[in-house]
Structure formats: C-alpha cells, structure tokens
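Report on one structure; see the data block that follows.
The values are calculated or read from the model by the stated rules, or taken from the named source; none is laboratory data. Note that the coordinates shown come from a computational prediction; the quantities given were computed from them, not determined experimentally. Glycine also receives a Cβ, built like all others from the backbone with ideal geometry; neighbour counts cover every protein chain displayed. Surface areas here come from the heavy atoms of the whole protein model, side chains and all, with no ligands, DNA or RNA. Shrake-Rupley method; radii C 1.70, N 1.55, O 1.52, S 1.80 Å.
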Amino acid sequence: MRPHPDLHGKRGVDLLHDPVLNKGTAFTEAERDRLGLRGLLPARVSTQEGQVARVLENIRRKTSDIEKYIFLISLQDRNENLFYRVVMENLEEMMPLIYTPTVGQGCQEFGHIFRRPRGLYITYKDRGRVRQLLRNWPYRDIRMIVVTDGERILGLGDLGANGMGIPVGKLSLYTACAGIHPTQCLPVTLDVGTNNETLLKDPLYIGVPERRLRGAAYDELVDEFVTGVQEIFPKACIQLEDFGNTNAFRLLHHYRNRACTFDDDIQGTAGVALAGVYSALRITGDKLSDHKFLFLGAGEAGIGIGDLIVTGLMEEGMTEAEARLKCWFVDSKGLVVQSRTDLVEHKLPYAHDHVSVTDFQAAVESLKPTALIGVSGMPRTFTKPVVEAMARLNRRPILFALSNPTSKSECTAEEAYTWSEGRAIFASGSPFPPVMYKGKAFVPGQGNNAYIFPGVGLGVIASETARVTDEMFFVAAKTLADLVTEDDLGEGRIYPSLTRIRDVSAAIATAVANLAFQRGLTTMSRPVNLAAHVKAQMYEPTYKEGR
Ligand code: NAD
C-alpha cells in the first residue's frame, strides 16, 4: 500500500477530527498518552472489529435506506478506515446504499441532508483561479479524480451541484473494490448551474442557483480544470462522470488523446455490458457474431456498449460495417434508420437501411434480435409483449435492463424470468433480489460498472499510463467474463459474486497495466511481477500502529 501523505504531528482533538487518522475508541492506551488524547475518549479501548459491530448494529436499526446512507456518509467523514472496513466486509449490503440506487435519492435530497462538504466544488465564477482551488485540496498525490457537472445523474436528469454524491460514491467504490487509497482520490463537481426548476426554487439547494453555463465559457472552465489537474496532480487520471450526453461525447473525444481520462458512462458501461454478453455466450453456447443486439436508448451507455460490441465482433473476424449491422438502436423518436434527419453524430454509424419504426415492440418483431439492451432511463419499457416476443424468438433471450436507479429499470428481474418462462438471461443496472420461478432460484446479474472501473483505475495507477484506451475496456471485459465460474452460470448469474470484487479488480488492473506496457503508453519500467506490483498498491482499511 502506498503511504498516505505525511499528516504526522497531529494530536488531540485535531487527530480525532481527521477522518484519515482517526481511530476513535480504538486508540490504544499508549497512543492516548503519546498523542494527547487522554480524557478525550471514553475509558474502554475498542478493537476495530468491535467498532464494526457497533456500526452494523446502528445501520441495521435504521428503517430507511436514505437514513442508512446518511449514517454511512457521516461515518466516512469521521473515520475512513472504519467506513471502508464496514463497506468492504459487507459489500453486497453496503454497495446499494453508497451507490445506486440509494445514492440517487441522496443526490436528489443532497441540499436537505447536507452535513459536511467532501470534494472540490468549482463554479464557473472560479474561471481564472481553478489552479488555486486545486491547490487548496489537502492531499498532493492524487491519482484518481471523478468529475461531474451534474447534468445527467444516473437516470434522474439534471441535479446540478447535488450530483456531488456521485463522484463521492464512485470514489468510495474505487477504494472499496480496488484498494485505491482514499487520500489519492478526489471528487470534483463543476458547478455550472442547473436547469432543474425545482432546484432553482429550493432555498436549500447547495449550488449556484442559476441556469446552466453553455458554449465557449463552459469549455474554457473544463479546459482550465483539465490543464490545472495535469499541472498540479500530474499522475492523476480524470474520470468523466454523469455529464449530459452532448458534453460527454464531446469532452471524451476532445481529451482522450490529450489527457489521462475516460468516461465511465460510455466506456465503463460498455466494459461491464460486454462482459455480461460474453458470459451469456457461455450459456447460449455460441459466438458474438451469432447475435443481433437491439438497444433501447442511444445515449452514452448505448453507443458506448455498441462500439465495444463492434470491437468484439471485429475480433471474431467481421468487418466494421458487418459488425455495426449487428447493433440496432431505438431512441426517443423510434428506430435509428438512414432516412432520419434528426440524428446526432454518435448515432450515425448505427443508422441502418430500414423502414421507419416508432414502436419498440414493432422493432423487436421486425428485427428479431437475440438480445435487448435497455439504456433509456425509461421504466417499464420491456413490457410483457416485448419479453414474450423475445422468448418466442429465442431459446435463451438476453435481456439487460440497465437503467438506474431501480425505479427506472426497463423491467424487473421477476418480470424478465416469469414472462420468458425462466429462459431469459437477465442483468440489471441496479440490484434485484433472486427470483423463485417454478421452484428454481434465479440470481439476476447486476451489470454494475463497479466490476470494471475500479480495476481499470488501479491498472492505470499501477502502470502510470499516460492514456486510457478503448482496448483497455475490452481486455477488462474479457478478464471479468473469464472470472465468472460455472457455478455462477448455473444459477443464471453472469457476473462474479461481489464478494470476490477485490480479486476481480486486481485481475483487471493487471490486464490493463499489461496493455499499457505493451502499447508503450507509460515511461515507467515494467515491474518483474506485474500482478504482485498491482496487489502491493492496494489499501487495506486496518488501523496502523502508532498513528
Ligand atoms: P443518455 O441521456 O446519454 O441516453 C439516454 C437515451 O435514451 C437517449 O438516446 C434517448 O433518446 C433515449 N430515450 C429517452 N427516452 C426514450 C424512450 N421513451 N424510448 C427510447 N429511447 C429513449 O443516458 P445514458 O448515459 O445512456 O444512460 C441511460 C440509462 O442507462 C440511465 O438510466 C443510466 O442510469 C443507465 N446506465 C446504466 C449503467 C449500468 O447499469 N451499468 C451504466 C450507465 C448508464
């Protein structure tokens, strides 16, 4: 594990108020004497295990998920080691609280539940002094930044500066799932206003209560931020997160060859979805090229997934044109076809020759896809007739309802299994509990980006790569799919259990770092044992003696 920056010298109350160093009641007798803590803590010295038990008792007593979220965020602000120990040892229980779906409600209510700031808020009024703000951050060895402008938070739309819950939550997952040290993580919100009328009128809204900045002034702010990061945190990777889709594609296109950056909504989602598809192929027993994909939603997630599937198809020997013909899209106006005149640039490669179709079910009947990928943010759109049609057309229909949070899912796990008579290979964006159908338990896969981005981030850090490439997401997808066991598949589970996430992330990181060395994207010399080098970077949330 990398040592965190030198914060030694802190004593007494300052130490108790520092979430990185605080151990609360677990400070030992000797530490209490040496660090001026005597009298500031109750007498009984706890172990970290004892503290974990107390935290779990507290969380489980709370009756709503948002209360649990507030409790966990407050714990993170008091004692990070304890927070991560709790999260890492109980990931299946905690991940839906610190990330989707509960983080969505956390963002919607951000101004109302706000306790303590975390991360860096850069408003458009800070143009010209962004470097100064970056220097105000207390840690210097920043390696992973997650930045949003809050315009498209999950499937919930424009939440302005309230979107900060997402960078905070995602970086918690970088630490919990891949062991990236908390002090190497920096959440950032570019507060460029919001067009959300409810927030604009809310006196407790925390952001700049003005309409969104657009155009050259917006681009200048983003550029000042990116170049500022390159100067002040030269080893940092910038993950673009939950930008509105026009900006997301534009920014990724502009910066991907200029900075160490990627967009998780486009590239990370693609990685996790393709991994799910590769696992599904082990169930259907055929090749990627035997499939036809129909997407509901042609935004960041959909186009990102489509592009990576095209990469996979080309690996099987197809030409790009043949591969693109395997991917079809329906957006809010209907099937994406050549005759449409309203298509933005990222949809054009998928505008195929076909009569216009405005109805999703009609598109299913006409195209006869083998797989549906729901990334529209529109709930209940995989209707009973749609799922029944897929079950009629396919022995094992692939149904991925990826829209988040749960309330936006295109269908539920239960609907997918019952309407397809137990034949669907199903994954969702937010978690669903296992479903019993005709006496058999089906375990839905969660196509959670957390299977991919923490490992990719760790690989980026471990190799000090200068760029993050699509090929890295492709190898990440393959690595993830290879880690799904036969037992997992037997239960219908197309992703590994979250309990194995640290090993999954380490394997992905090793594959990504390997690629960075192979492609000459780093000036670092290649460690003799890359896997061991990756593992050596990983933070453990146990207390260290003497601090
Ligand atoms: P986006 O805004 O970029 O794209 C949304 C797309 O849906 C657009 O193409 C839009 O035209 C289309 N759409 C809207 N209404 C529609 C309708 N009624 N019928 C058909 N299409 C419609 O958003 P995005 O980043 O692509 O995210 C979309 C959804 O996917 C969100 O809910 C997000 O939470 C989810 N998502 C899930 C994962 C995951 O599960 N791993 C990852 C990323 C995004």
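See the values below:
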item: Some residue of segment 295-307 being crowded, with 24+ Cβ neighbours inside 10 Å, out of contact with any Asp or Glu (no Cβ under 8 Å at 6 or more places or on another chain), in a strand (DSSP E or B) and at pLDDT 95 or above; result: yes
item: Close pairs from segment 237-248: first closer than 19 Å to T465 by Cβ, partner assigned to a loop (DSSP other than H, G, I, E, B), Cβ under 6 Å, at least 6 apart; result: C237/C260
item: Checking V468 against (1) modelled with pLDDT of 95 or more; (2) within 27 Å of L156 (Cβ to Cβ); (3) within 16 Å of the ligand (Cβ to nearest atom), the condition it does not meet; result: (3)
item: In segment 373-393, the residues that are more than 9 Å from the ligand (Cβ to nearest atom), open to solvent by less than 20 Å² (accessible area, probe 1.4 Å) and in a loop (DSSP other than H, G, I, E, B); result: F382
item: Residue in segment 308-315 that is outside any helix (DSSP H, G or I) and at pLDDT 95 or above present; result: no
item: Neighbours by Cβ (under 8 Å, 6+ apart or cross-chain): first from segment 294-319, on the phi > 0 side of the Ramachandran plot; second away from the ligand (no atom under 11 Å from the Cβ); result: G317/S289
item: Some residue of segment 466-484 being farther than 22 Å from I142 by Cβ, open to solvent by less than 30 Å² (accessible area, probe 1.4 Å) and part of a loop (DSSP other than H, G, I, E, B); result: yes
item: Segment 141-165: number of residues that are touching a Cys at 6+ places or on another chain (Cβ under 9 Å), over 15 Å from Q105 (Cβ atoms) and among the hydrophobic types (A, V, I, L, M, F, W, C); result: 4
item: Residue in segment 98-115 that is farthest from the chain's Cα centre (by Cα), counting only those that are open to solvent by 50 Å² or more (accessible area, probe 1.4 Å) and over 20 Å from P209 (Cβ atoms); result: R115
item: Test result for F329, more than 25 Å from the chain's Cα centre (by Cα), hydrophobic (A, V, I, L, M, F, W, C), within 12 Å of the ligand (Cβ to nearest atom) and open to solvent by less than 50 Å² (accessible area, probe 1.4 Å); result: no
item: Qualifying residue in segment 308-317 (condition: open to solvent by less than 50 Å² (accessible area, probe 1.4 Å) and over 28 Å from K478 (Cβ atoms)); result: no
item: Inter-residue pairs, beta-carbon under 8 Å, first without any contact (Cβ under 8 Å) to a residue 24 or more places away in the chain and in segment 369-387, second in a loop (DSSP other than H, G, I, E, B) and crowded, with 23+ Cβ neighbours inside 10 Å, 6+ apart; result: none
item: Selection from segment 116-164 of residues that are in contact with a Ser or Thr (Cβ under 6 Å, 6 or more places away or on another chain) and open to solvent by 20 Å² or more (accessible area, probe 1.4 Å); result: Y121, Y139, G155, D158
item: Strands (runs of 3 or more DSSP E) wholly inside segment 399-452 containing at least 3 residues that are surrounded by fewer than 24 Cβ atoms within 10 Å (Cβ to Cβ), in contact with a strand residue (DSSP E or B) (Cβ under 6 Å, 6 or more places away or on another chain) and without any contact (Cβ under 8 Å) to a residue 60 or more places away in the chain; result: none
item: Odd one out for N247 among (1) within 16 Å of the ligand (Cβ to nearest atom); (2) closer than 24 Å to G459 by Cα; result: (2)
item: Condition broken by V222, with the remaining ones in (1) within 16 Å of the ligand (Cβ to nearest atom); (2) in contact with a Leu (Cβ under 7 Å, 6 or more places away or on another chain); (3) farther than 30 Å from A362 by Cβ satisfied; result: (1)
item: Single condition Y121 does not satisfy, out of (1) part of a helix (DSSP H, G or I); (2) closer than 30 Å to G193 by Cα; (3) hydroxyl-bearing (S, T, Y); result: (1)
item: Hits in segment 338-353 (condition: assigned to a loop (DSSP other than H, G, I, E, B) and without any contact (Cβ under 8 Å) to a residue 24 or more places away in the chain); result: Q338, S339, R340, T341, D342, L343, A351, D353
item: Of residues in segment 187-226 being farther than 18 Å from G128 by Cβ and out of contact with any Gly (no Cβ under 7 Å at 6 or more places or on another chain), the one most open to solvent (accessible area, probe 1.4 Å); result: K201
item: Residues (in contact (Cβ under 8 Å) with a residue 40 or more places away in the chain and either open to solvent by less than 10 Å² (accessible area, probe 1.4 Å) or part of a loop (DSSP other than H, G, I, E, B) (or both)) located in segment 29-68; result: E31
item: Considering residues of segment 260-294 that are of a type in the set (F, W, Y) and farther than 21 Å from I238 by Cα only, the residue most open to solvent (accessible area, probe 1.4 Å); result: Y278
item: Tally, over segment 412-431, of residues that are more than 14 Å from A371 (Cβ to Cβ) and modelled with pLDDT of 95 or more; result: 10
item: Pick from segment 316-329, criterion of a type in the set (A, V, I, L, M) and assigned to a loop (DSSP other than H, G, I, E, B), ranking: nearest to V375 (Cα to Cα); result: L325
